[in-house]
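Encoded as structure tokens, the structure appears first; notes follow it.
The values are calculated or read from the model by the stated rules, or taken from the named source; none is laboratory data. Note that the coordinates shown come from a computational prediction; the quantities given were computed from them, not determined experimentally. FYI the Cβ positions are ideal-geometry reconstructions off the backbone, even for glycines, and counts take in every protein chain you see. All accessible areas refer to the heavy atoms of the entire protein, side chains included, with ligands and DNA or RNA removed. Shrake-Rupley method; radii C 1.70, N 1.55, O 1.52, S 1.80 Å.
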Amino acid sequence: MDYSTYPRNDVLCIDMRSFYASVEAVKLGLDPMKVMLAVVGDPNRSGSIVLAASPELKRRYGISNVSRFFELPNDPEIYIIPAHMADYIHMSLQITDLLQQYAPIEAIHPYSVDEVWITVNGLQHLFGTRKEIAEKIKADILDSFGITCSIGIGDNKFLAKVVMDLHAKKQGIAECTYEDVEKKLWPHPIESIWGIGRRMKKNLNRMGIITLGQLANYSLDHLKKRFGVMGEQLYWHAWGIDLSPVFGDFSKQEQKGFGHGISLLRDYTKEDIPYCILDLCEEVCRRARTANKSGRTIHLGISYSKETGGGFSRSQSIDLPTNITLDVYDICMQLFNKFYDGKSMVRHVYVTLTNLRDKQETQLDLFEDRTKKNDIGYVMDAIRDKYGSTAILRASSYTKAGITIERSKKIGGHYA
């Protein structure tokens with residue numbers, strides 16, 4: 001591979017080690033790397049997920065972020081802490097602020113609450129080589145927040161991310177240039193890298209592709225024919241090539257649609273579901289109105305309880321774009337009544353509004369006064385913006401089947 005035509009940047013991928021658990025350990029005045037601590041979504045539910053386990057808990061008992069609360073061993077040394085999502089977001093923002101001491105905001109790309117890319121091109125005269133910059137950042141985060149991080153360094157975002165996952169989590173800091181790809185990436189199994197899940201792994205294994213080296217040396221034409229654009233991307237990634245932008249406004253992305261879903265804490269009956277759907281439609285339309293968008297396609301997804309399994313996912317398009325809650329609700333109920341099997345309990349519901357248009361593109365309906373219906377939504381949004389998300393609600397939200405009040409106490413599905 002001739003890498004001379006591909007851009008080389010100085011990119012760091014920073015991952016906070018067991019972030020939620022580390023934040024909780026620091027709050028308790030404990031060493032995040034030595035304490036045994038588990039952050040649980042809801043300790044009142046035995047089946048609740050362990051959102052984060054401290055490195056020592058992982059090492060001693062093999063607990064991972066997909067374990068369940070009931071799987072934790074009965075060890076009095078283990079701290080069980082409920083999730084505090086607002087604290088984790090606040091800490092993440094503080095870390096991003098610290099990174100701005102090294103690079104401008106357009107060079108910082110948060111990937112998740114505990115992972116971020118930072119491009120440090122041209123900063124050698126201020127802070128040293130990119131390895132020295134990584135060492136300074138790692139020390140600053142530890143000194144300022146008491147949290148340990150792993151840092152991958154690469155010529156692009158992909159290499160920085162992959163070397164962080166494969167090597168830096170053991171070494172603390174690891175580096176991978178284009179020339180290092182064959183030695184540092186190719187011996188590893190394909191599922192070790194970012195972007196290859198279980199289904200893709202299975203498909204590639206059937207083709208005799210087990211390692212990244214085998215993927216890199218497979219026929220590009222065959223990969224494109226089998227997997228399309230995804231096959232081509234996998235091929236170039238196996239060679240360490242990634243053309244993703246390393247500078248820009250990474251906070252702005254083109255909105256394809258507005259969706260909102262929930263995994264219910266109990267089985268919902270046919271009589272309960274309309275209340276849940278209405279609350280979801282309210283949130284979806286509120287977000288659309290905030291962005292001054294309307295949509296023509298309404299999508300409803302229903303998953304039944306584990307006892308019966310199954311469900312359905314259906315959509316319907318309308319002539320006039322809308323962001324009016326009751327318009328979307330009416331379509332969702334039509335879909336529900338048409339495709340619901342009539343007897344199964346429901347455990348997951350989601351509503352999506354897509355095929356978006358700008359608000360000013362919405363046409364008037366000569367046979368219906370849509371203006372009043374539209375204005376009601378914006379007035380309710382204004383009240384909520386000023387006085388809080390639960391300042392004004394529909395009566396259905398106060399029933400046992402309503403979900404808005406309980407969700408208002410959570411961030412990302414977990415208690416704030």
_Only one of Tyr88, Tyr79, Tyr102 that is among the aromatic types (Phe, Trp, Tyr), open to solvent by less than 40 Å² (accessible area, probe 1.4 Å), under 28 Å from Val40 (Cα atoms) and touching a residue at least 24 places away in the same chain (Cβ under 8 Å)_ = Tyr88
*Pick out the one residue from Pro43, Pro110, Pro76, Pro55 that is over 21 Å from the mean Cα position of the chain (by Cα) and under 30 Å from Asn156 (Cα atoms).*
Pro55
*List every residue pair whose Cβ atoms lie under 7 Å apart, where the two residues are 6 or more positions apart in sequence or sit on different chains, the first residue falls within segment 109-129 and is closer than 21 Å to Gln94 by Cβ, and the second residue, located anywhere, is in a strand (DSSP E or B) and open to solvent by 50 Å² or more (accessible area, probe 1.4 Å).*
Val116/Pro110; Trp117/Tyr111
*Does at least one position in segment 247-257 carry a residue that is closer than 30 Å to Lys338 by Cβ, at pLDDT below 95 and in a loop (DSSP other than H, G, I, E, B)?*
yes
*Those residues of segment 44-76 which are of a type in the set (Gly, Ala, Ser) and buried (at least 18 other Cβ atoms within 10 Å of the Cβ), in sequence order*: Ala52, Ala53, Ser54, Ser67
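For (1) surrounded by fewer than 15 Cβ atoms within 10 Å (Cβ to Cβ); (2) at pLDDT 95 or above; (3) of a type in the set (Lys, Arg), each residue gets a yes or a no:
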site	(1), (2), (3)
Gly146	no, yes, no
Lys161	no, yes, yes
Met164	no, yes, no
Val181	no, yes, no
Ile196	no, no, no
Leu215	no, yes, no
*Are any of the residues in segment 229-240 crowded, with 20+ Cβ neighbours inside 10 Å, of a type in the set (Val, Ile, Thr), assigned to a helix (DSSP H, G or I) and at pLDDT below 95?*
no
_Selection count, segment 321-351, where residues are surrounded by 15 or more Cβ atoms within 10 Å (Cβ to Cβ), of a type in the set (Lys, Arg) and modelled with pLDDT of 95 or more_ = 0
*Go through the residues of segment 205-213 one by one and say whether even a single one is basic (Lys, Arg), surrounded by fewer than 15 Cβ atoms within 10 Å (Cβ to Cβ) and touching a helix residue (DSSP H, G or I) at 6+ places or on another chain (Cβ under 9 Å).*
no
*In segment 142-184, what residues are polar (S, T, N, Q) and within 17 Å of Gly195 (Cα to Cα)?*
Asn156
*Look through segment 382-402, keep the residues that are charged (D, E, K, R) and assigned to a helix (DSSP H, G or I), and return whichever of them is farthest from Leu264 (Cα to Cα).*
Lys386
*For segment 11-37, enumerate the residues that are open to solvent by 30 Å² or more (accessible area, probe 1.4 Å), within 29 Å of Asn156 (Cα to Cα) and not aromatic (Phe, Trp, Tyr).*
Arg17
*Answer yes or no as to whether Ile151 is open to solvent by less than 10 Å² (accessible area, probe 1.4 Å) and touching a helix residue (DSSP H, G or I) at 6+ places or on another chain (Cβ under 8 Å).*
yes
_Among the residues in segment 249-260, are any among the hydrophobic types (A, V, I, L, M, F, W, C) and open to solvent by 80 Å² or more (accessible area, probe 1.4 Å)?_
no
*asked:* Any residue at all in segment 310-321 that's assigned to a helix (DSSP H, G or I), out of contact with any Phe, Trp or Tyr (no Cβ under 6 Å at 6 or more places or on another chain) and farther than 30 Å from Val181 by Cβ?
replied: no
*Are any residues in segment 290-320 over 23 Å from the mean Cα position of the chain (by Cα), closer than 16 Å to Thr354 by Cβ and open to solvent by less than 10 Å² (accessible area, probe 1.4 Å), and if so, which ones?*
Ser294, Gly295
